[in-house]
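I have placed the structure first, in the form of structure tokens, so that the comments after it can refer back to it.
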Amino acid sequence: MKPDLSHNESGDFETSKELVDRVLAMLMKRRWWFIFSVIVVLGATVVITRHQPRIYAAHGSVYIDRTPPRILSGVNEVVNLGASGYFGAKAYYEAQKKIMKSRGLAQIVVNRLGIANDKHFLGLDKPGLKLSAEQISEVIAKADPASMLASRIRVAMAESSMIAEVTIEDTDPEFARDLVNATMESYRDRNLEIKRRATRDAFRDLRGVLTQMERKKDNTESSLLEFETKHDLSENRLKAVNERILRLHKRQLEVQQNRFHSA
């Protein structure tokens, strides 16, 4: 025989309904307090938002070239400075992203823009921040502008794209734009310097090879001249020997022809 659960289910339903009714009654009783709380929270949010400085994001795109520098036209370089294959390309792009976010490149940007002691860049111009001249000098002396900038650089790149997007945020939109432009220019100049250095090194190596070949040529010519002098192989002597060989060869042909006719 199955137990009768109708009474329990009905009791649970009534209990839930009573609980909902009590909650609604409590809300209605304190509705003005609830509305006031919502208004206070919204008002505080608006006030805080208005007093917070706006953050602007500047974006820039950089084309990453994996082609190694061409030092000799029409000749394939022995060493490939780029990367081949899917995993090789992925590793190369990851390395380039790290370079763009590195402290070394950030230091170049800081030097290029001259912002090592810039109060805005160091955050010393925030509203309400009151520091004495001595305190400002101390902050500037202890600051690490390159690390500060490197931590603000964001680099994003699509999986199959050779375009990297550089983003830097700042409260000053023009300053953010200058930081992005200087970062991209510094990265470009760094790559150009690497290619120029590779070309200079290759040119120096080729000059060394050319010098060695010229030295070997001079040594060979000296040895040949010494041999000719030792064995009296001057130009007149060689000419006389060649003429004698030709006469002997001609005499040999005549003898062979006479033998043929005699037979």
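The values are calculated or read from the model by the stated rules, or taken from the named source; none is laboratory data. Since the structure is predicted, the reported quantities are computational estimates derived from the model, not experimental observations. Note: ideal-geometry Cβ built from the backbone for every residue, glycine included; neighbour counts use all protein chains shown. For accessibility, only protein heavy atoms count, side chains too; no ligands or nucleic acids. Shrake-Rupley method; radii C 1.70, N 1.55, O 1.52, S 1.80 Å.
Applying the condition of being touching a helix residue (DSSP H, G or I) at 6+ places or on another chain (Cβ under 9 Å), under 11 Å from Lys90 (Cα atoms) and of a type in the set (A, V, I, L, M) to the range 151-170 and asking which residue is surrounded by the most Cβ atoms within 10 Å (Cβ to Cβ) yields Met157.
Here's the yes/no breakdown for (1) of a type in the set (Phe, Trp, Tyr); (2) closer than 21 Å to Arg190 by Cα; (3) modelled with pLDDT of 65 or more:
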position	(1), (2), (3)
Phe36	yes, no, yes
Leu42	no, no, yes
Val46	no, no, no
Ala58	no, no, yes
Val62	no, yes, yes
Ala91	no, yes, yes
Glu94	no, yes, yes
Ile99	no, yes, yes
Gly104	no, yes, yes
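In the set Met184, Met148, Met213, only one residue is assigned to a helix (DSSP H, G or I) and farther than 30 Å from Ala89 by Cα; that residue is Met213. Scanning the range 223-239 for residues that are of a type outside the set (Ser, Thr, Tyr) and modelled with pLDDT of 70 or more turns up Leu224, Leu225, Glu226, Phe227, Lys230, Lys239.
Is it true that some residue in the range 216-224 is over 30 Å from Ile64 (Cα atoms), without any contact (Cβ under 8 Å) to a residue 40 or more places away in the chain and open to solvent by less than 60 Å² (accessible area, probe 1.4 Å)?
no
In the set (1) open to solvent by less than 70 Å² (accessible area, probe 1.4 Å); (2) modelled with pLDDT under 95, Ala133 fails one condition alone, (1).
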